[in-house]
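Novice: Provided herewith is a single structure, encoded as structure tokens, for subsequent inquiry.
The values are calculated or read from the model by the stated rules, or taken from the named source; none is laboratory data. Just so we're clear, the structure is a prediction, and the values are computed from it rather than from any experiment. We place every Cβ from the backbone using ideal geometry, glycine too, and count neighbours over all the protein chains shown. Accessible surface areas use protein heavy atoms only, side chains included; no ligands, DNA or RNA. Shrake-Rupley method; radii C 1.70, N 1.55, O 1.52, S 1.80 Å.
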Amino acid sequence: MGLALAAMQMEGGGGVVRAQHNGQVPRFEYDPTWPKPFPNETWAIGPAAGLAVDRQDHIWLVHRPGILRMNERFTASEVKPPKAECCAPAPPVLEFDQAGKLVSSWGGPGEGYDWPASNHGITVDHKGNVWIGANEGNDAHVLKFTKAGKFLMQFGKPGQNRGSNDTENFGRPAKIFVDAKANEAYIADGYGNKRVVVIDADSGKFKRYWGAYGNKPEDTNFGAYDPKVPPIKQFRSPVHCAELSNDGLVYVCDRPNDRIQVFKPDGTFVKEKFIATNTLGDGSVWDIAFSKDPEQKFMFLADGKNEKIYVMDRASMEILTSFGDGGRQPGQFFAVHSIALDSKGNIYTVETYEGRRLQKFTYKGIAPVTRMDQGTVWPK
């Protein structure tokens, strides 16, 4: 399928460069039946900070149950005497099948490892191992478990981070991608450090790392992002994702700098793309996922500040269309944090802060673009 990009225009407000074209793009529709209610009807989830789809098309999320407020904690497991039948925190790690049924749950402090002060990011690798990042306070580590929640390994130690050139610990890492071919884990590192780290996925040995433009990373405080000044030559925190494409390119979410930077696996800088450049604060580039065709023609970008999912041409990195809108209603977003696709091309999202939910957007085939900003994609 050829994408003919006919013209470009700059839209006001967020400063998003959008491509006008006569091609076709994937179309999605919100699924109000997914996921199913929890079997334990008292469970509630906190801010969701990680999302993954495994090789069995099961959907995994990790959330922060400790952030549930006291007015969400009324059951006997939370207060004595209990005040009501609801609610209590769900376990941090939740696994759903394709029908949206919860099939497993686990997580939290245990023997032999340091559960994160705040978890961030979840990945299920080619061997079926579950990786979880740790991104708050003194967190400087990544954990690896079996799918059943059995602890396997911990890489890094809380409180031991020595900055963005440390080769033993992380600095509040954000997200993990595991490359099956090379058996390497790419760590977006992260909320304290300002780099991408590549480690051996079995031993955890540091193999290489880099900062923005492939530079040696620095921990200089550059102050807040300002779209009116030239881009800085370093990442700002958080470095929020590092995703490897099938053709061997690493796409890095430099979230507060409103940009995607692309590298070769050795850290050689290739190109960059700025997104919604007037976005301040949390930034516009939160998470990336690729379409499931072998060429990965499309890239999907979660923007948790402007509350959209951008559908992009991966090769040109141009925005073709977007869907979503800010709000509490089903199909809308509040701090859409992470995005993942299953083998059928369906999109899943989770929201942090006050969003606190998992949503599914069903793939409805390829269709011409009728609106550049589709808004909420309600079922028809």
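Novice: Restricting to segment 330-380, count the residues that are assigned to a loop (DSSP other than H, G, I, E, B), open to solvent by 60 Å² or more (accessible area, probe 1.4 Å) and at pLDDT 95 or above.
Specialist: Going through segment 330-380 one residue at a time, the tally reaches 3.
Novice: When you scan segment 113-158, how many residues do you find that are at pLDDT 95 or above, among the hydroxyl-bearing types (Ser, Thr, Tyr) and not in a strand (DSSP E or B)?
Specialist: Residues meeting the conditions: 2.
Novice: Among what's in segment 97-140 and is among the hydrophobic types (A, V, I, L, M, F, W, C) and more than 20 Å from the chain's Cα centre (by Cα), pick the residue that is farthest from ALA48 (Cα to Cα).
Specialist: ALA99
Novice: Here's a follow-up. Starting from segment 250-277, take each residue that is acidic (Asp, Glu) and list its partners that are open to solvent by 10 Å² or more (accessible area, probe 1.4 Å) and not in a loop (DSSP other than H, G, I, E, B), counting only C-beta distances under 6 angstrom and pairs at least six apart or across chains.
Specialist: ASP258/PHE274
Novice: Looking for whichever is under 16 Å from ARG357 (Cβ atoms) and not β-branched (Val, Ile, Thr) here; the options are ASP54, ASP31. Which one fits?
Specialist: ASP31
Novice: Anything in segment 237-258 that is over 20 Å from SER291 (Cα atoms) and open to solvent by less than 30 Å² (accessible area, probe 1.4 Å)? List them, or say none.
Specialist: If the condition is that a residue be over 20 Å from SER291 (Cα atoms) and open to solvent by less than 30 Å² (accessible area, probe 1.4 Å), then PRO238, VAL239, ASP254, ARG255, PRO256, ASN257, ASP258 are the ones that fit.
Novice: When you check ILE319 against the structure, is it within 25 Å of ILE176 (Cβ to Cβ) and either under 20 Å from the mean Cα position of the chain (by Cα) or not in a strand (DSSP E or B) (or both), yes or no?
Specialist: no
Novice: What number of residues in segment 259-271 are out of contact with any helix residue (DSSP H, G or I) (no Cβ under 8 Å at 6 or more places or on another chain) and open to solvent by 20 Å² or more (accessible area, probe 1.4 Å)?
Specialist: Residues meeting the conditions: 5.
Novice: Answer yes or no as to whether GLY108 is in contact with a Phe, Trp or Tyr (Cβ under 8 Å, 6 or more places away or on another chain), in a loop (DSSP other than H, G, I, E, B), under 14 Å from VAL62 (Cα atoms) and open to solvent by less than 20 Å² (accessible area, probe 1.4 Å).
Specialist: It is true that GLY108 is in contact with a Phe, Trp or Tyr (Cβ under 8 Å, 6 or more places away or on another chain), in a loop (DSSP other than H, G, I, E, B), under 14 Å from VAL62 (Cα atoms) and open to solvent by less than 20 Å² (accessible area, probe 1.4 Å).
Novice: Here is a follow-up. How many of the residues in segment 179-216 are open to solvent by 20 Å² or more (accessible area, probe 1.4 Å) and closer than 25 Å to THR146 by Cα?
Specialist: 11
Novice: Quick check: anything in segment 201-213 at pLDDT 95 or above, within 29 Å of GLY281 (Cα to Cα) and of a type in the set (D, E, K, R)?
Specialist: There is no residue in segment 201-213 that is at pLDDT 95 or above, within 29 Å of GLY281 (Cα to Cα) and of a type in the set (D, E, K, R).
Novice: Related question: Can we say PHE290 is crowded, with 23+ Cβ neighbours inside 10 Å and within 17 Å of the chain's Cα centre (by Cα)?
Specialist: No: the conditions fail for PHE290.
Novice: Residue check: is VAL79 surrounded by fewer than 16 Cβ atoms within 10 Å (Cβ to Cβ), over 30 Å from VAL369 (Cα atoms) and modelled with pLDDT under 95?
Specialist: Answer is yes for this residue.
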